[in-house]
1. Looking only at the range 92-112, count how many residues are of a type outside the set (D, E, K, R) and either in contact with a Leu (Cβ under 7 Å, 6 or more places away or on another chain) or within 14 Å of residue 173 (Cα to Cα) (or both).
2. If I filter the range 58-91 down to residues being closer than 25 Å to residue 174 by Cβ and free of Cβ contacts under 8 Å to residues at least 12 places away in the same chain, which single residue comes out as farthest from the chain's Cα centre (by Cα)?
3. Being outside any helix (DSSP H, G or I) and of a type in the set (Lys, Arg) is the filter; apply it to the range 176-193 and report the residue that is nearest to the chain's Cα centre (by Cα).
4. Determine whether residue 31 is in contact (Cβ under 8 Å) with a residue 24 or more places away in the chain, closer than 22 Å to residue 129 by Cβ and buried (at least 17 other Cβ atoms within 10 Å of the Cβ).
5. Which residue pairs have Cβ atoms under 6 Å apart, sit 6 or more places apart or on different chains, and have a first residue in the range 128-142 that is within 19 Å of residue 70 (Cβ to Cβ) and a second that is aromatic (Phe, Trp, Tyr) and surrounded by 18 or more Cβ atoms within 10 Å (Cβ to Cβ)?
6. Could we say that residue 182 is within 15 Å of residue 31 (Cα to Cα), surrounded by 18 or more Cβ atoms within 10 Å (Cβ to Cβ) and hydrophobic (A, V, I, L, M, F, W, C) here?
Amino acid sequence: MLGLKLPTDPRWVNLAEKSLEDILTDHAYCEQKAATSCISLIQQYPEKIEMVHALAPIVTEEWGHFRQVLRELEKRALKLGRQRKDEYVNALLKFQKKGGSREEQLVERLLVCALIEARSCERFRLLSLHIAEDELKDFYHKFMVSEAGHYRLFIDLAKKYGDPEAVKKRWQEYLDYEKGIMEDLELRGDRMH
């Protein structure tokens, strides 16, 4: 369904379990950045009424997810650490086309958001299936379902504001590029991506 060309190495879950404070910290900041990205899209494209209405509740949802992860940290007597640079997202942004029309820029941003959500969904699925603790399996299953919906919404919005065939072609280019990112990044259990 997600179309990702390279699945996450299954050993990632074991590494994440060993770095629970770090993975929860990174997860919290990912939720915060997702809310911020939606706010930025709304601010920069207020004339896209359908998108504004679609993203406004996601801002609330993502911020709620941030708070849920904070509660999970506190429940476990773990601390929210410092935000770290997201090498995965930074690599994706290098592929984003610069210039072009406002609509073309919007489509690029929507596709980047879709890809981040797709990879997050895939990682949450792995955690929901393979992490040892049942309570965390349920915790991550809920995030997986949410991210799948966000991924789909960003793809649909890209097709609405761009030529659907061009969007489909560009999405495949992003998927191919993302595969290369995944091959190059070190497998780390302290990062969501």
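Every number here is computed from the coordinates shown, using simple stated rules; none is lab data. Computed from a prediction, not measured in an experiment: that's the story for all the values here. Counting neighbours? That spans all protein chains shown, and the Cβs are built from the backbone with ideal geometry, glycine included.
1. As a first pass, look at the range 92-112 and keep what is of a type outside the set (D, E, K, R): 92-93, 95-96, 99-101, 105-107, 110-112.
If we keep only those that are either in contact with a Leu (Cβ under 7 Å, 6 or more places away or on another chain) or within 14 Å of residue 173 (Cα to Cα) (or both) as well, we get 92-93, 95-96, 107, 110-112.
Count: 8.
2. Per the stated criteria, the residue is 85.
3. Filtering the range 176-193 down to residues outside any helix (DSSP H, G or I) leaves 185-193.
Now restrict to residues that are of a type in the set (Lys, Arg): 188, 191.
Values: 188: 17, 191: 12 Å.
Among them, the one singled out is 191.
4. Numbers: in contact (Cβ under 8 Å) with a residue 24 or more places away in the chain: yes; closer than 22 Å to residue 129 by Cβ: yes; buried (at least 17 other Cβ atoms within 10 Å of the Cβ): yes.
Taking the combined requirement at face value, the residue satisfies it.
5. Sorted first by the residue in the range 128-142, then by its partner, the pairs are 140/124.
6. Details: within 15 Å of residue 31 (Cα to Cα): no; surrounded by 18 or more Cβ atoms within 10 Å (Cβ to Cβ): yes; hydrophobic (A, V, I, L, M, F, W, C): yes.
It is false that residue 182 is within 15 Å of residue 31 (Cα to Cα), surrounded by 18 or more Cβ atoms within 10 Å (Cβ to Cβ) and hydrophobic (A, V, I, L, M, F, W, C).
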